[in-house]
Amino acid sequence: MNSLPTALYPELLTQLQSQKPFLWINQAYGAPLPADVPTLEAVAEARDRLQRSTALMVKLFPELAATQGRIESDLIAVPQLQAALLGEGPSNAAEQWFIKADHALPIAGSVKARGGFHEIIALAESIALENNLISANDDLIKLANSDIQGLLSQYTVTVGSTGNLGLSIGIMAAALGFTTIVHMSVDAKEWKKTRLRARGVKVIEHSGDYAAAVAAGRAEALATPKCHFIDDEQSLLLFLGYAASAPYVAQQLLDANRVVDAEHPLFVYIPCGVGGAPGGITYGLKALFGEHVHCFFAEPVASPCMLVQLASQQDAPVSVYDIGLDNRTEADGLAVALASHLVSPIMRSQLSGVFTVSNDALYGSLYQVKLSEGITLEPSAAAGIPGPGLLQNSEAGRRYLQHHKINLSGATHMIWSTGGSLVPAEEYARFEQQGKAIHDTLQGK
Ligand SMILES: *Cc1c(COP(=O)(O)O)cnc(C)c1O
């Protein structure tokens, strides 16, 4: 065990170790950003790269023809969920809840489609550029040419994952012709491995946690010529792929007649594993909406790695193991003990807070959103759902609103649902059953 930073003593530590869900407010919110943050030009380039890939995506995945090759998700108003969770119904007709439906992102079925597809496309583009087979800013449909596919097949891509990143990277890399090896942690679900193997991806199973799977992928890449390692713990290309989501969200809010300004703040609740996906999304949204968007991460009570890192108020890594938690959670996509060191320094000034979620709350929320809105999520993806309630009904949440002089009556709440549409029906039926049991107990049935 590392020696613990004093900032974590003593009430916060006790709270975390009790594994009781709570909302933690980030005291450093609003501090200056570090000097070396990714540039907004880089985010725009990522967005441009994804736009130059739409014809390629349709070529590789014909089912994308209907959406012109865009990897995007709907913004869905969820009035029944809002009414169910707020008890007496919306406090004000102008306040509105939405789900940002990344659980239904095409092809990969999770938020990892954003970062993962972007990094693989950027990698293929850079290899083709180095070999003078394309020019800068070309339409990337050219990556489907047989000479480029032949070249890419000489390269290997490796990645370590708790499941969804492996799925996203594996599907995209295999589709472009790369030899692909995915190292899966102990948390990874069997069906994700089966699905990858069916696409010709080599899946290596590990008995260790997420960090061990990542380390195995990294070691393999170092030992293999022409091998690229997708580094979930510090990849800028993944981060930029997530950040590139923001302009489309802004357009969707406009289309839904939701203004974002001081009187109409936007609250976003996103499940957090290592921090890449929610961190990138936050970074993109902050660039557009500044102080009018308030982002909160959701983490399992046994794996609150971003909370612990930010609360420690130090640069040295602090893991959830260091404070005696075991990182065992039903939220496989969030089972990460140590936050990304690319992302945590940025979140230090941009993130409003983190709330923790118990296994029961994951399943209860998964069931609640199915019951009220017919939306099918995996447990990790349901973690954001308790967010709006916590903000309004907890002492910490009320203090935050007071401190920032926020009136919620015109607020938009966006719950980012991060995965689930590919979960096999039998597996989902078990999730739902478990959620129903928890829900019925709470209702006293
Ligand atoms: C990976 C994942 C997240 C969190 O992303 P990180 O980049 O690990 O923080 C959230 N939800 C689901 C379903 C995921 O697979």
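The values are calculated or read from the model by the stated rules, or taken from the named source; none is laboratory data. Model, not experiment: these values are computed from the prediction. So basically every Cβ, Gly included, is an ideal-geometry build from the backbone, and we count neighbours across all protein chains shown. Heads up: the accessible areas ignore ligands, DNA and RNA and are worked out on the full protein's heavy atoms, side chains in. Shrake-Rupley method; radii C 1.70, N 1.55, O 1.52, S 1.80 Å.
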Between the stretch 104-174 and the stretch 284-323, how many Å separate their Cα centres?
29 Å
Calculate what fraction, in whole %, of the accessible area of the stretch 184-277 sits on carbon and sulfur atoms when a 1.4 Å probe is rolled over the protein chains.
55 percent
Run the simple label-point estimate for ARG399 and GLN314 please: 7 Å along Cα→C-beta, distance reported in nm.
2.3 nm
Tell me, how many Å apart are the Cα centres for the stretch 221-283 and for the stretch 188-216?
24 Å
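If we count every other residue with Cβ under 15 angstrom of PRO34's Cβ, Lys/Arg +1 and Asp/Glu -1, where does the sum land?
Every neighbour counted, the sum reads 0.
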One would report the Cα pair-distance distribution of the stretch 360-445, bin width 5 Å, in %, as 3, 14, 21, 20, 14, 12, 9, 4, 1, 0
Scattering curve values for the stretch 1-121, log₁₀ I(q)/I(0), Debye with Cα scatterers, q = 0.09, 0.18, 0.23 Å⁻¹:
-0.52, -1.05, -1.19
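With a 1.4 Å probe and every protein chain kept in, tell me what percent of the accessible surface of the stretch 342-433 is carbon plus sulfur. Please list the in-between numbers first.
Numbers: 1520 of 3110 Å².
The value for the stretch 342-433 is 49 percent carbon and sulfur by accessible area.
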In degrees from 0 to 90, rounded to the nearest 10, what is the angle of the helix 359-373 Cα long axis to the longest principal axis of the chain?
90 degrees
Tell me the Kirkwood hydrodynamic radius of the stretch 294-443 in angstroms, computed as one over the mean inverse distance between distinct C-alpha pairs.
16.4 Å
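Express the accessible area of the chain per residue in Å², computed with a 1.4 Å probe while the remaining protein chains stay in the model. Don't skip to the end; give the middle numbers.
Working: 17260 Å² over 445 residues.
That works out to 39 Å² per residue.
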Going highest first, how would you order 262-268, 159-165 by mean Cβ packing within 10 Å?
159-165, 262-268
Skipping prolines and chain starts, which residues have an amide H placed within reach, meaning under 5 Å, of the one on VAL268, given they are 5 or more residues away or on another chain?
HIS294, CYS295, PHE296, MET414
Excluding same-chain residues fewer than 8 positions from LYS189, which lysines have a Cα within less than 18 Å of its Cα?
LYS112, LYS202
How large a share of the accessible area of the stretch 109-157, in percent, is made up of carbon and sulfur atoms when the probe is 1.4 Å and the other protein chains stay in place?
43 percent
What percent does the relative contact order of the stretch 59-188 come to when contacts are Cα pairs within less than 8 Å and at least six residues apart?
21 percent
Once all protein chains are kept in place, VAL111 shows an accessible area at probe 1.4 Å, nearest 10 Å², of 10 Å²
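Take the Cα gyration tensor of the stretch 152-284, multiply each eigenvalue by 5, square-root it, and list the three semi-axes largest first, rounded to whole angstrom.
Working: eigenvalues 214, 49, 39 Å².
Equivalent ellipsoid semi-axes, largest first: 33, 16, 14 Å.
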Largest-first principal axis extents of the Cα set of the stretch 236-376 (Å):
46, 39, 29
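Provide the packing ranking of 341-347, 245-251, 119-125, 396-402, i.e. peptides ordered by the mean count of other C-beta atoms within 10 Å per residue, highest first.
Working: 341-347: 22.1, 245-251: 19.1, 119-125: 24.6, 396-402: 15.1.
Ranking, from highest mean packing down: 119-125, 341-347, 245-251, 396-402.
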When all protein chains stay in place, what accessible area (Å², nearest 10, 1.4 Å probe) is found for ASP74?
100 Å²
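Given an 8 Å cut-off on Cα distances and at least 6 residues of separation, report the relative contact order of the chain as a percent.
22 percent
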Dividing the alpha-carbon Rg of the stretch 335-383 by 2.2 N^0.38 Å yields what?
1.46
Calculate how many DSSP beta bridges within the chain are antiparallel, expressed in % of all such bridges and rounded to the nearest 5.
15 percent
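With the Cα gyration tensor of the stretch 231-319 in hand, give its eigenvalues times 5 under a square root as the equivalent ellipsoid semi-axes, listed largest first in whole angstrom.
Working: eigenvalues 136, 47, 24 Å².
That gives 26, 15, 11 Å for the three semi-axes.
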How many nm is it between the label spots at SER372 and ARG70, if each spot is 7 Å from the Cα in line with the beta carbon?
2.8 nm
Can you pull the Rg over Rh of the stretch 53-189, Cα-only, Kirkwood?
1.12
Label model pair ILE204, ARG430: point-to-point distance (7 angstrom along the Cα→beta-carbon line) in nm is 2.7 nm
Rg to Rh for the stretch 17-76: what is it, with Cα atoms only and Rh by Kirkwood?
1.23
Show the residues, 5+ positions off or on another chain, whose built amide H is closer than 5 Å to the amide H of HIS228.
THR156, VAL157, THR158
P(r) of the stretch 259-302 over all Cα-Cα pairs, 5 Å bins starting at 0, rounded to whole percent, reads 5, 24, 28, 20, 13, 7, 3, 0
With springs only between Cα atoms under 10 Å, which of ASN145, ASN327, ASN359 fluctuates most in a Gaussian network model of the chain?
ASN145
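Evaluate 2.2 N^0.38 Å with N set to the residue count of the chain, then give the Cα radius of gyration divided by it. It would help to have the intermediate numbers written out before the result.
Details: Rg = 20.9 Å, N = 445, 2.2 N^0.38 = 22.3 Å.
Rounded to two decimals, the normalised Rg is 0.94.
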For helix 210-223, report the angle its Cα long axis makes with the longest principal axis of the Cα atoms of the chain; keep it between 0 and 90° and round to the nearest 10°.
20 degrees
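Given the -39500 (n - 2.57) contribution per DSSP H run of 4+ residues, what per-residue ellipticity at 222 nm results for the chain, rounded to the nearest 500 deg cm²/dmol?
Values: 18 runs with 191 residues, N = 445.
Value at 222 nm, helices only: -13000 deg cm²/dmol.
Please list GLU378, GLU427 from largest to smallest accessible area, probe radius 1.4 Å, with all protein chains kept in place. Mind showing how you got there, number by number?
Numbers: GLU378 10, GLU427 30 Å².
From most exposed to least exposed: GLU427, GLU378.
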